[in-house]
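Reading through the structure tokens given below for one structure.
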């Protein structure tokens with residue numbers, strides 16, 4: 001099993017085994033990242049990975065997985081965007097005892 005040096009944003013350079021990393025590639029954009037849990041602070045680090053980095057990691061035996069962008073990104077949306085005032089109004093609505101009934105009647109079409 002290969003030893004790989006990576007950099008934790010808090011701890012600096014750390015040594016990992018190939019099984020401690022994972023390469024993730026977005027099928028829609030072809031962008032890749034690698035991620036690992038720092039053996040010192042236990043935080044998960046995610047880094048962008050260029051093609052040559054992906055090739056080196058895969059050659060070292062790092063597991064790879066593909067993923068797709070969420071389908072919601074391709075949906076067509078109608079109406080105005082939600083703004084700060086809408087969020088405040090919703091927050092106020094949630095503080096009322098009958099918020100659910102009010103919200104239901106507002107969304108009935």
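The values are calculated or read from the model by the stated rules, or taken from the named source; none is laboratory data. Since the structure is predicted, the reported quantities are computational estimates derived from the model, not experimental observations. Cβ sites come from the backbone with ideal geometry, for glycine too, and all protein chains shown count toward neighbours.
Among the conditions (1) modelled with pLDDT of 95 or more; (2) over 26 Å from the mean Cα position of the chain (by Cα); (3) not in a helix (DSSP H, G or I), the only one that residue 79 does not satisfy is (1). Taking residue 25 as the residue in question, decide whether it is surrounded by 14 or more Cβ atoms within 10 Å (Cβ to Cβ), closer than 30 Å to residue 74 by Cβ and at pLDDT 95 or above. Judged against the criteria, residue 25 is a match. Annotation note: Cβ proximity below 7 Å between a residue of segment 52-66 that is within 10 Å of residue 21 (Cα to Cα) and a residue that is part of a helix (DSSP H, G or I) (sequence gap 6+ or interchain) occurs for 61/18; 62/18; 64/58.
Within segment 48-62, the set of residues being exposed (fewer than 13 other Cβ atoms within 10 Å of the Cβ) and either in a strand (DSSP E or B) or in contact with a helix residue (DSSP H, G or I) (Cβ under 7 Å, 6 or more places away or on another chain) (or both) comprises just one member, 48.
Taken over segment 42-51, the criterion of being more than 7 Å from residue 23 (Cβ to Cβ) and free of Cβ contacts under 8 Å to residues at least 40 places away in the same chain is satisfied by 42, 43, 44, 45, 46, 48, 50, 51.
Over 23 Å from the mean Cα position of the chain (by Cα) and at pLDDT 95 or above: which single residue out of 85, 51 fits that description? Can you show your working first?
On the way: 51 fails: over 23 Å from the mean Cα position of the chain (by Cα).
Within the list 85, 51, the selection yields 85.
Considering segment 26-42 alone, what residues qualify as being assigned to a loop (DSSP other than H, G, I, E, B) and under 30 Å from residue 12 (Cα atoms)?
Let us first name the residues in segment 26-42 that are assigned to a loop (DSSP other than H, G, I, E, B), namely 27-31, 38-42.
Selection gives 29, 30, 31, 38, 39, 40, 41, 42.
From the list 45, 65, 15, exactly one residue is surrounded by 13 or more Cβ atoms within 10 Å (Cβ to Cβ), in a strand (DSSP E or B) and modelled with pLDDT of 95 or more. Which is it?
Numbers: 65 fails: surrounded by 13 or more Cβ atoms within 10 Å (Cβ to Cβ); 15 fails: surrounded by 13 or more Cβ atoms within 10 Å (Cβ to Cβ).
The unique qualifying residue is 45.
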